[in-house]
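Accompanying notes for the structure given below.
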Amino acid sequence: MTRQQTLADVLMIADSFLRSLIGLMGRSSLETGHGLWIVPCQSVHTFWMRFSIDVVFLDEHSKVIHLVENLRPFRISKHLSRARSVIELPVSSIRATETQIGDEIRILRR
């Protein structure tokens, strides 16, 4: 909302332990305009993934509290106790939308 940008047109939701554990594993890529919203979440890993991702950490008010660009496969992100959810996006999404810490994100459910 802060920058009037769209991070993802299609946002899959991982709101259970199993969905969060599986995440994007098994995929060969993440299409531009797509993302995965993991709720709840305070850190992510890219074990067994075949591609890098951008990661946006959100607090309880959907404000950006941390950003990770180009998290490569077989890595673990920082753990943020204040985070309540995470959005995983294709690489370059953060840069393309100029997303910054403090930005407010609105997630529309249909």
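The values are calculated or read from the model by the stated rules, or taken from the named source; none is laboratory data. From a predicted model like this one, the values you see are computed outputs, not experimental measurements. A quick note on method: Cβ atoms are made from the backbone with ideal geometry, for glycine too, and the neighbour counts reach across all protein chains shown.
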Problem - Residues of segment 1-31 satisfying the condition of being surrounded by 14 or more Cβ atoms within 10 Å (Cβ to Cβ) and within 16 Å of Ile94 (Cβ to Cβ) - result: Thr2, Leu7, Ala8, Leu11, Leu30
Practice task
Would you please name the residue that is surrounded by the fewest Cβ atoms within 10 Å (Cβ to Cβ), looking only at residues in segment 64-78 that are under 26 Å from Arg3 (Cα atoms) and not polar (S, T, N, Q)?
Solution key: Lys78
Problem - So Val91, is it modelled with pLDDT of 95 or more and crowded, with 19+ Cβ neighbours inside 10 Å - result: no
